[in-house]
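These notes are about the structure you will find just below.
The values are calculated or read from the model by the stated rules, or taken from the named source; none is laboratory data. Model, not experiment: these values are computed from the prediction. Cβ atoms come from the backbone with ideal geometry, glycine included; neighbour counts cover every protein chain shown.
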Amino acid sequence: MGSKKGVGKIRVNIMRNNNNCAGKQEGLFDLPKDISKILSSNSITVKIIRQILSMRFSNGFRIDSSIELSRFHRFVKEDHRKKILLSDEDLKEIIIACGTVFDGKVYSIVPQTNNQIEKLVNEYFKSGAQVIFYAEFYAKNENWMYKANIISKDMLIKILERLFPKLKFTLTYFGLIDLPIINIIESEILRVWGKDTLLTYDQLAKRLLYIPLKRIKHALSQNDNFIWNSKGTFSHITKINITGEEHKAIQKKTQKECSIHGYVSITDLMFDNILEQNHELSITAIHDAIFRICLLDKYIKRGKIISRKEDTIDALTIIKDYCRTLDKCTLNDLLNYEKELTGEIHRWISMEAGYAVLVRISKDIFIADKYVHFNSKAIDGMIGRFVKGDYLPLKTFTTFGVFPDCGQTWNLFLLESYCRRFSKNFRFDTPSVNSRNAGTIIHKSCTMTYIEIMTDAVVKSDVKLTESIVCKFLFDNGYTGRSTTAKIDEIIDKAKIIRERKN
């Protein structure tokens with residue numbers, strides 16, 4: 001760091017305080033305007049100031065403190081038995097030139113420290129690197145830098161700006177280029193990737209010494225050119241082997257299947273050659289690579305389902321279509337089909353599809369409509385005997401001996417299916433589709449939402465309006481399938497208002 005303005009000749013008077021030399025010796029010190037010349041000066045004055053700054057002010061010299069200046073003069077006298085006769089402003093100029101200013105203080109940074117920083121930076125850039133992130137550079141060298149009076153990353157930045165005036169400096173990094181961080185990180189990752197097909201976070205971090213690990217992770221997860229292979233392990237689209245012929249065949253089959261069915265599963269686009277040529281990659285990575293390399297421009301991918309961008313095909317729609325082809329299936333059959341289709345299992349999707357198309361006759365089994373014969377007038381009449389008000393929890397039905405024969409054995413699952421799709425007078429609602437028989441049979445003339453129904457039930461129950469008690473009431477009485485509900489605060493607040501009005 002330099003002074004605020006160039007300094008001309010400064011008169012320096014040094015008093016020798018020993019018995020052999022009486023009187024005063026007057027010397028003339030020319031302080032150049034060039035900061036680098038000041039730092040390399042062999043003047044006795046500069047040497048003394050450097051030594052005092054280093055030895056006596058290791059925690060920094062407060063540049064605007066008169067007390068610090070007084071201490072400085074005292075230390076010169078104690079350590080060197082001399083007296084420097086300078087004005088406060090002249091002494092400050094020299095102190096500033098002999099150190100590094102940071103946060104209102106001057107720190108002594110010896111030439112060896114600057115040389116070490118220059119060496120590390122130059123060697124890193126000579127290896128081919130384009131940028132260095134300040135935080136990571138300081139963290140990797142903090143032990144020796146702190147001992148050398150570089151007390152923080154921000155202070156290091158000031159030193160770097162002085163040592164490398166020709167480099168480009170941004171808020172987070174400096175180097176040979178100045179581009180958006182996401183582009184820089186991808187470029188640096190590919191620079192060190194080499195011939196490897198797969199690399200882990202840690203392997204890349206070791207090769208990119210001065211790029212923070214969190215930056216590397218973010219780039220790998222957010223940049224579509226990187227392919228997730230397994231936990232913490234990635235590939236790059238340039239490392240995937242797909243021939244031109246395979247590329248054309250994938251596009252052709254995708255176009256055909258989407259024209260006929262509206263979608264195609266990524267599993268149907270796998271070719272043996274692709275598997276053989278990319279044996280190091282997981283199936284998930286190969287699926288992702290096929291889509292990104294061959295289909296990204298015209299199609300979208302949801303799980304394993306690929307459809308045209310203008311279409312709105314989703315897993316629920318596809319599983320419903322699948323259910324229409326079945327006479328009978330188990331819930332596990334639907335879950336397995338969902339996993340094969342999307343690579344994941346969300347139970348509500350399979351159950352929702354099953355309830356929408358088939359008839360659930362037990363916890364595990366769905367059958368086609370043709371195997372059930374509902375007499376809706378007779379069945380609705382029987383339900384009406386139980387549901388005297390607007391609604392009644394499904395679990396309230398404990399006997400089915402008087403229900404009309406329908407070709408299947410009556411139970412709560414069958415009753416729920418009937419009310420969902422076949423009843424003329426009733427509907428069924430629940431917070432979420434489930435296998436616990438949680439939910440309510442409701443008169444179609446009732447316009448209350450399910451939150452309003454649960455609130456009404458709580459009000460009529462006279463239970464104490466606390467979270468634990470209300471949740472337990474709704475669960476025990478079959479309104480919810482879980483002992484907690486996300487809407488509990490809303491239910492309690494509304495119940496309080498209704499009770500207050502009644503009172």
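Structure data summary
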read-out	value
Residue selected from the range 57-111 under the condition among the β-branched types (Val, Ile, Thr) and in a loop (DSSP other than H, G, I, E, B), by the criterion farthest from Leu156 (Cα to Cα)	Ile63
Candidates Ala289, Ala315, filtered to the one that is crowded, with 16+ Cβ neighbours inside 10 Å, in contact with an Asp or Glu (Cβ under 9 Å, 6 or more places away or on another chain) and of a type in the set (A, V, I, L, M, F, W, C)	Ala315
Inter-residue pairs, beta-carbon under 7 Å, first in contact (Cβ under 8 Å) with a residue 12 or more places away in the chain and in the range 140-163, second polar (S, T, N, Q) and in a loop (DSSP other than H, G, I, E, B), 6+ apart	Asn149/Ser58; Asn149/Ser108
Those residues of the range 363-394 which are in contact with a Leu (Cβ under 7 Å, 6 or more places away or on another chain) and of a type outside the set (Phe, Trp, Tyr), in sequence order	Asp364, Ile367, Ala368, Leu394
Criterion violated by Lys301 - all others in (1) free of Cβ contacts under 8 Å to residues at least 12 places away in the same chain; (2) in the same structural domain as Val264 (by TED's automatic domain parsing); (3) of a type in the set (D, E, K, R) satisfied	(1)
Pairs with Cβ under 6 Å, 6+ apart, first in the range 327-354 and in contact (Cβ under 8 Å) with a residue 40 or more places away in the chain, second assigned to a helix (DSSP H, G or I)	Thr342/Ala315
Failed item in (1) in contact (Cβ under 8 Å) with a residue 12 or more places away in the chain; (2) surrounded by fewer than 21 Cβ atoms within 10 Å (Cβ to Cβ); (3) over 23 Å from Leu316 (Cα atoms), with Thr455 passing the rest	(2)
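The rows are residues; the columns are (1) within 20 Å of Tyr299 (Cα to Cα); (2) free of Cβ contacts under 8 Å to residues at least 60 places away in the same chain; (3) not aromatic (Phe, Trp, Tyr).
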{"site": "Leu176", "(1), (2), (3)": "no, yes, yes"}
{"site": "Leu190", "(1), (2), (3)": "no, yes, yes"}
{"site": "His218", "(1), (2), (3)": "no, yes, yes"}
{"site": "Asp224", "(1), (2), (3)": "yes, no, yes"}
{"site": "Ile237", "(1), (2), (3)": "yes, yes, yes"}
{"site": "His247", "(1), (2), (3)": "yes, yes, yes"}
{"site": "Asp268", "(1), (2), (3)": "yes, yes, yes"}
